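The values are calculated or read from the model by the stated rules, or taken from the named source; none is laboratory data. Keep in mind that what you see is a predicted model, and the values were worked out from it rather than measured. Every residue, glycine among them, receives a Cβ derived from its backbone with ideal geometry; neighbour counts consider all protein chains shown. Please note that ligands, DNA and RNA were not included when accessible areas were found on the heavy atoms of the full protein model with its side chains. Shrake-Rupley method; radii C 1.70, N 1.55, O 1.52, S 1.80 Å.
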Amino acid sequence: MKLTKLTEHIYYMEHDPETDRPTLGYVKGEKGSFMMDAGNSAAHYNHFIEKLQENHLPTPRYLSITHAHWDHSFGLWATDAATIAGGKTNKELEKMMQWTWDEPSMTKRLETGEETSFSDTHIRKEYPHRSDIKVKTAQISFNGSMTIDLGDVTCILREIVSPHCRDSVVFIIPQDGVIFLGDSYCSVPQGDTWVYDKVLLMAYIDELERIDFRFAIKGHHPPQTKDEIIGELKAEWRKL
Ligand SMILES: [Zn+2]
């Protein structure tokens, strides 16, 4: 996967649907750099670091994740950066640290609905040896929002209501007019289809419209302009 420069300070590596690897992002400031989402494994995280090195970019000083779902958080343990997550995300990760990855445990989580069959399928593809899975919480947690000052550029980490999960955080980089969404714009899998909650989707659209940005980096799709993503989400809402 290639690393693309989106704006003056911001880069991203595109998502890979094969093992459900999400988009990873990077903000380069004069006082250090910030990585957005950790990847679905140490292999995914390290692939991103290799891309940074190829492009003569420093390894991240800070790393934060958009939510606890495995594909965004299971690379956390592999980094030396200071790690940050929303308080709700860290609570989810604490629960997931207790999970075991043998067949009976995985089957049971599917039965109880703790895990979706979509994730189960892709975890098996990303991890031929499931003993390689390590779940870790972030070192620093926040509620509401926090700001990272990288000198010439700042990153605002902010909780947001989302139709995808209860622990969504977005990253806003005002100087570049960019928002990193993770999966906050996504619906949730229900059997073989993906379903939006109508009320949560409208609340999300409302919040997004009030945030000033030019480009949105999406977790599992190419980036879009503000008009494009708002238009797309409103079209989804009208279908409900
Ligand atoms: Zn997710």
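Accessible area per residue was computed with a 1.4 Å probe on protein heavy atoms; Met96 scores about 20 Å². Which of Pro174, Pro222, Pro163 moves the most in a Gaussian network model of the chain with Cα springs under 10 Å? Evaluated over the chain, the most mobile residue of the options is Pro222.
On the chain, 50 percent of the accessible area sits on carbon and sulfur atoms, based on a 1.4 Å probe. Solvent-accessible surface (1.4 Å probe) assigned to Thr147 amounts to roughly 90 Å². Using 0.36 nm per residue and subtracting the Cα-Cα separation, the extra length available between Thr116 and Ala203 on full extension is 28.9 nm. Summing +1 for each Lys or Arg and -1 for each Asp or Glu among the other residues whose beta-carbon sits under 9 angstrom from that of Ile123 gives -2.
Basic side chains Lys and Arg get +1 at the Cβ, acidic Asp and Glu get -1 at the Cβ, and with that the dipole of the stretch 3-239 about its Cα centre reaches some 300 debye. Springs between Cα atoms under 10 Å define the GNM used for the chain, and in it the highest mean-square fluctuation of His220, His56, His15 occurs at His56.
Counting heavy atoms of the protein chains alone, Thr83 has an accessible area of about 10 Å² for a 1.4 Å probe. Based on protein heavy atoms only, the chain ends up with 47 Å² per residue of surface accessible to a 1.4 Å probe. Stokes-Einstein, applied to the Kirkwood radius of the chain over Cα pairs at a viscosity of 1.306 mPa s and 10 °C, places its translational diffusion at 88 µm² s⁻¹.
For Ile156, neighbours were defined as the other residues whose beta-carbon sits under 13 Å from its Cβ, and their charges (Lys and Arg +1, Asp and Glu -1) total -3.
Please give the net charge around Lys2, taking every other residue with its beta carbon less than 14 angstrom from that of Lys2, where Lys and Arg add +1 and Asp and Glu add -1. Show your work: numbers first, answer last.
Working: positive: Lys5, Arg21, Lys51; negative: Glu14, Asp16, Glu50, Glu54.
Combined, the nearby Lys, Arg, Asp and Glu give -1.
Computed FRET efficiency, Cβ-Cβ of Asp212 and Lys5, R0 25 Å: what is it to the nearest 0.05?
Values: r = 21 Å, r/R0 = 0.86.
My answer for the efficiency is 0.70.
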